[in-house]
Amino acid sequence: MRIYAIRLPDVGEGIAEAELTEWHVKPGDIVKEDDVLAAVMTDKAAVEVPSSVEGKVVELGGEIGDMLAIGSVLVRIEVDGDGNEDASAPEASKPAPAPKEDKPEPKPEPQAKAAEPARPLVKTSKPVARAKNTKPLAAPSVRARAREEGVDLRQVPGSGPGGRISHADLENWIASGGIQQGSVTRGKNTGVEEVRVVGMRRKIAEKMAISKRQIPHITIVEEIEMDALEDLRAALNRKYKDQRPKLTLLPFLMRAIVEAVREQPELNARYDDDEGIIYRHGGVHVGIATQTPNGLNVPVVHHAESGSLWDNASELTRLAEAARDGSIKRDELMGGTITITSLGALGAIATTPIINHPEVAIVGVNKLQMRPVWDGQQFQPCKMMNISCSFDHRVIDGWDAAVFVQKLKLLLETPAMLFVEG
């Protein structure tokens, strides 16, 4: 038997390191060529790393959340054929951060060493017992499942790296009747759960922090009477039911934004903080905030000004599906000039959306609901919706922001104007 080391590949774009976000294997697993070993995330994209050989996993090169240098050992696999490591040679580059002991390490023996203060490479697939009161390692989905079943994860032995608890570990524990009566109690819950912020969640956190720290936001909330637009939308959907994609509100809002920024190009822009330059774009590239299983993505409908309602509706659907299933391409998440975010489906009546840096404006869609509206003689039931628009106050004055919002209101309340050329 020989040892074959799979190293973190160069993912391009001049990237020097990547964050380890998910393991797909554990020591003891048998893998085939092209099986996915792990997922890593760079500043640009998430990447899955496949195996180039068939064999048995004997070592993992890091823990979830570690930053690994390009070229460092990701996984060591025991193979029948030729390996690519000399057991007598010093170990190649280490994952960042470097371990506390920097010395040559021989090829691992079958028996596993006891845990040391420095981070070890995991060498066993058997359940690992944790010391009393130590924090169990588990994915958020595993923790959620444990809460549903009333399981104290501190009681569940994990078979993953460092005793990490997998879905299989939890299900086996439940199936074996391992739930103890003391796991669920009416007494005080003094437990504190530590959830490491990694991968997409970390990227989102960094992006939001930059936006709030660097951009002085001004938010304007306006209410819009939606009866005319909703009647038009319903009529178009009925007429083209079998020929064209269904229209939601968003394609109409995109058309309204396109028309509004014709008169205010400073809102269809990106602001370079370092250079002090505002880049006003001719094309309107609308980002659509989309919730996915991995967190918030903002796919971009490029050149919304050139598409029809149905063109943009189709592109919206395609991008949202790609974002949710993880197949979206990197360039489909880049280049936005203004963003739409919608929480109306969750019942929000007003929001204060955070601008997608380095853009200078974002339009938030809120809940559509029936409200009594005074028509001069009596109250009439009307379909009403609030929009919440945030602006970068460094480059957009309050007056200009209000003019933009009123333009959107006019276009949405009088939808025929969306189709007037000129």
- Message: Under 5 Å between amide hydrogens, which residues at least 5 positions from G364 or on another chain qualify, with H placed 1.01 Å from N in the peptide plane?
- Response: T341, S388, C389, S390
- Query: Label 7 Å along Cα→Cβ of T292; the stretch 186-215 residues with amide nitrogen under 18 Å?
  - Reply: 198-208
- Message: How charged is the neighbourhood of E305? Take every other residue with its Cβ under 14 Å from the Cβ of E305, and add Lys/Arg as +1 and Asp/Glu as -1.
- Response: -2
- Task: Consider a paramagnetic label point 7 Å from the Cα of E206 along Cα→Cβ; state which residues of the stretch 295-323 have an amide N under 19 Å from it.
- Result: 295-299
- Taking a spot 7 Å from the Cα of H217 along the direction of its beta carbon, which residues of the stretch 343-369 have an amide N less than 18 Å from it? 343-367
- Item | Of V221, M208, V197, farthest towards positive along the dipole that unit charges on Lys, Arg, Asp, Glu beta carbons give the stretch 186-227 | V197
- State the extension gain, in nm to one decimal, for the chain segment bounded by E263 and R196, taking 0.36 nm per residue of separation less the distance between their alpha-carbons. 19.5 nm
- Query: With respect to the cross-link table entries K329/K409; K241/K407; K203/K241; K212/K241; K329/K407, which display a Cα-Cα separation exceeding 32 Å?
  - Reply: K329/K409; K203/K241; K212/K241; K329/K407
- Query: Efficiency by 1/(1 + (r/R0)^6): what FRET value for E413 and E275, r their Cβ-Cβ distance, R0 = 41 Å, to the nearest 0.05?
  - Reply: 0.55
- Message: How charged is the neighbourhood of I278? Take every other residue with its Cβ under 12 Å from the Cβ of I278, and add Lys/Arg as +1 and Asp/Glu as -1.
- Response: -3
- Once you have the Cα-Cα distance between A168 and I349, take 0.36 nm times their residue separation minus that, and quote the gain in nm to one decimal. 61.0 nm
- Could you run the Debye sum over the Cα atoms of the stretch 140-179, one equal point scatterer each and no solvent, and tell me log10 of I(q)/I(0) at q = 0.16, 0.27, 0.29 Å⁻¹, two decimals? -0.31, -0.91, -1.04
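None of the figures in this text is laboratory data; all of them are computed from the coordinates on show. Since the model is a prediction, treat every value here as computed from it, not as a measurement. All Cβ positions, even for glycine, are placed from backbone atoms using ideal geometry, and neighbour counts span all protein chains on display.
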